[in-house]
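Just below is one structure, and these are the notes that go with it.
The values are calculated or read from the model by the stated rules, or taken from the named source; none is laboratory data. Note that this is a predicted model, so its numbers are computed, not measured. Cβ: placed from backbone, ideal geometry, glycine included. Neighbour counts: every protein chain shown.
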Amino acid sequence: MASVKEMRTRIASVKSIQKITKALQMVAAAKLRRAQTAAENARPYARRMANVIANLSAGVSGPSAPRLLAGTGSDRRHLVVVATSDRGLAGGFNSGIVRAAREKIGRLLADGKEVKIITVGRKGRDQLRRTYGKHFIANYEVGLKPATFALAQPIARKVLDLFEADEVDVVTLIYSRFKSVVSQVPTVRQLIPAEVDETEAQPNGSFYEYEPDEEAILEVLLPQNISVQILNALLQNEAGFYAAQMTATDNATRNAGDLIDNLTIQMNRTRQAQITKELIEIISGAAAV
């Protein structure tokens, strides 16, 4: 059994860890408010963009449809963009995204598809490279600063360059959708060919006439939509990461408190046992005299 001194040292160590996790929790909570506001503010824009594309695509069909909307006519070559965070200490946040990515990539490879992978964030890169290293073509780091359009644009440009060079047919984005502070949902979204929700078209019975025609607008709007969707995913990831980190560090702080209580009880029992033993030895010695 550990001595009283060793237990005191261990209690002091756990208290130091508890202070660190408490500080991380407070920092994550402060950053969560800002990230959550940014993610919620980006949703109406992304939703409106999807609404406009749905309206425009309703009037476009056949050979006149842009390639980003109609696709290449094949689904043999796939590009999977996996967005995670650069840091850990967030429970199963990154693991949930990577698990969804592995399931998607595994199904594609099992079907005989050609797969290329772009990762955004070091955690996704480190976990996926062990299994699918030969499929990697690029990695982007998120960094410590809040996600901005400038961060999303190079990723979108890389995706568009690969598609325009006829190196990929289908592009899929995997990220974590921020649902609430206690719920982040790994999400798989197809970027190319653009998915169009017909229920978004012509809301409330409204009809629009566009100038110039729909094809010309879509040629400009669809590439922009790639950047918007990637930015939205990064903002969702950022909010989800801080929510997961706040929850994980809160649990760690509580667990540290429980461990301190248990160690304190053990230390007191050990010290009491030593005192009792010493008293018995003194009484026994006195009785023997």
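Summary of values
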quantity	calculated
Contacts under 7 angstrom Cβ, first residue in region 116-143 being touching a residue at least 60 places away in the same chain (Cβ under 8 Å), partner among the aromatic types (Phe, Trp, Tyr) and part of a strand (DSSP E or B), 6 or more apart	Val120/Tyr140
Breaking point among (1) surrounded by 12 or more Cβ atoms within 10 Å (Cβ to Cβ); (2) polar (S, T, N, Q); (3) over 18 Å from Ser227 (Cα atoms), for Ser16	(1)
Matching entry among Ala46, Ala90 (being within 23 Å of Val170 (Cβ to Cβ), under 26 Å from the mean Cα position of the chain (by Cα) and either modelled with pLDDT of 75 or more or assigned to a helix (DSSP H, G or I) (or both))	Ala46
Matching residues in region 131-145 - criterion: being assigned to a helix (DSSP H, G or I) and either more than 19 Å from Arg77 (Cα to Cα) or of a type outside the set (Gly, Ala, Ser) (or both)	Thr131, Tyr132, Lys134, His135
Any pair with Cβ under 7 angstrom, 6 or more apart, that starts in region 168-185 at a residue that is farther than 15 Å from Gln245 by Cβ and ends at one that is part of a loop (DSSP other than H, G, I, E, B) and β-branched (Val, Ile, Thr)	Asp169/Thr72
Lys31 under 30 Å from Thr264 (Cβ atoms) and at pLDDT 75 or above	no
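Residue by residue, here is whether (1) modelled with pLDDT of 85 or more; (2) among the basic types (Lys, Arg); (3) within 30 Å of Ala248 (Cβ to Cβ); (4) buried (at least 16 other Cβ atoms within 10 Å of the Cβ) holds:
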residue: Leu144; (1), (2), (3), (4): no, no, yes, no
residue: Ala156; (1), (2), (3), (4): yes, no, no, yes
residue: Leu162; (1), (2), (3), (4): yes, no, no, yes
residue: Asp169; (1), (2), (3), (4): yes, no, no, yes
residue: Glu198; (1), (2), (3), (4): no, no, no, no
residue: Gln202; (1), (2), (3), (4): no, no, no, no
residue: Pro223; (1), (2), (3), (4): no, no, no, yes
residue: Leu235; (1), (2), (3), (4): yes, no, yes, yes
